[in-house]
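Each value in this text was obtained by applying a stated rule to the coordinates, not by laboratory testing. Just so we're clear, the structure is a prediction, and the values are computed from it rather than from any experiment. Glycine also receives a Cβ, built like all others from the backbone with ideal geometry; neighbour counts cover every protein chain displayed.
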Amino acid sequence: MIVISDTSAITNLAAIQHLQLLSQLYRRVIIPQAVYRELVEIDPPVPGTFEVQDAQWLEVREVTQRRIVEQLEVESRLDLGESEAIVLALELQADLLLIDERRGRAEANRLGVKITGLLGILVEAKRKELVIAVKPLLDELIATSNFRVSAALYDQILELVDEA
């Protein structure tokens, strides 16, 4: 299974000390160079900065279709990391793209890329019994990482994992 990730899934899972879920669920995750730079070339460091530098399950790849990356940045107003993640997913014919930002998700959908976000990762982790409960993780994300989720979606996710 080929899984590509944008920055947000990595930083948010690292912030709640659950970055290992990515390797447990997908064995290997590929990120584009721009995402790697967003994670490690930032001062002060963000959650995941140090973890990604040592993660054996994480692979960094260069995007070859620069013109499409630039097109996504300009026309869809996506940041470089999102743009490269979407293009890398297309180039590698990825099975899944991990992305949370609304515009990035919309663009990936438009281009036929299968996506999931942080909430989908947590739901899958619960279903595979990698976490006991989603609610405390979701609450911690909201409290510590400025993760935004509507009340309706929050309730829907908890209902989906039988925690309502």
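Take Arg61, Arg77, Arg105 and order them by how many other Cβ atoms sit within 10 Å, fewest up front.
Working: Arg61 16, Arg77 12, Arg105 19.
Listed from fewest to most nearby Cβ atoms, that is Arg77, Arg61, Arg105.
What distance in nm separates the simple spin-label points at Asp95 and Ala133, each placed 7 Å from Cα in the Cβ direction?
3.1 nm
Starting from the Kirkwood Rh over alpha-carbon pairs, what translational D in µm² s⁻¹ does the chain have by Stokes-Einstein at 10 °C and 1.306 mPa s? Walk me through the numbers before you get to the answer.
Details: Rh = 16.0 Å.
My calculation gives 99 µm²/s for D.
Hey, in the GNM for the chain with a 10 angstrom Cα cutoff, which one of Asn146, Asn12, Asn109 fluctuates hardest?
Highest fluctuation of the listed residues: Asn146.
Which lysines, if any, have their Cα less than 23 Å from the Cα of Lys114, not counting same-chain residues under 8 positions apart?
Correct list for Lys114: Lys126, Lys128.
Quick check: from the Cα gyration tensor, does region 75-164 come out rounded (a/c under 1.5), prolate or oblate? Write out the running numbers ahead of the final one.
Values: a/c = 2.39, a/b = 1.74, b/c = 1.38.
Note, shape of region 75-164 comes out prolate.
Label Gln33 and Val46 with points 7 Å out from Cα along Cα→Cβ: what is the distance between them in nm?
1.9 nm
Taking the alpha-carbon centroid of each part, what is the distance from region 104-147 to region 17-61 in angstrom?
16 Å
List the equivalent ellipsoid semi-axes of region 1-68 in whole Å, largest first, each obtained as the square root of 5λ for an eigenvalue λ of the Cα gyration tensor.
19, 16, 9
Could you tell me whether region 120-160 comes out rounded, prolate or oblate from its Cα gyration tensor? Rule is a ≥ b ≥ c as square roots of the eigenvalues, rounded for a/c under 1.5, then prolate if a/b exceeds b/c, otherwise oblate. Could you put the intermediate results ahead of the total?
Values: a/c = 2.27, a/b = 1.37, b/c = 1.65.
Because a/c hits 1.5 or more and a/b fails to exceed b/c, region 120-160 counts as oblate.
Would you please classify the overall shape of region 40-89 from the alpha carbon gyration tensor, given that a ≥ b ≥ c denote the square roots of the eigenvalues, rounded means a/c under 1.5, and beyond that prolate means a/b larger than b/c while oblate covers the rest?
Here region 40-89 falls in the oblate category.
In straight Cα distance, which aspartates and glutamates are under 18 Å from Lys135, not counting same-chain residues fewer than 8 positions off?
Cross-link targets: Glu124, Asp155, Glu159, Asp162, Glu163.
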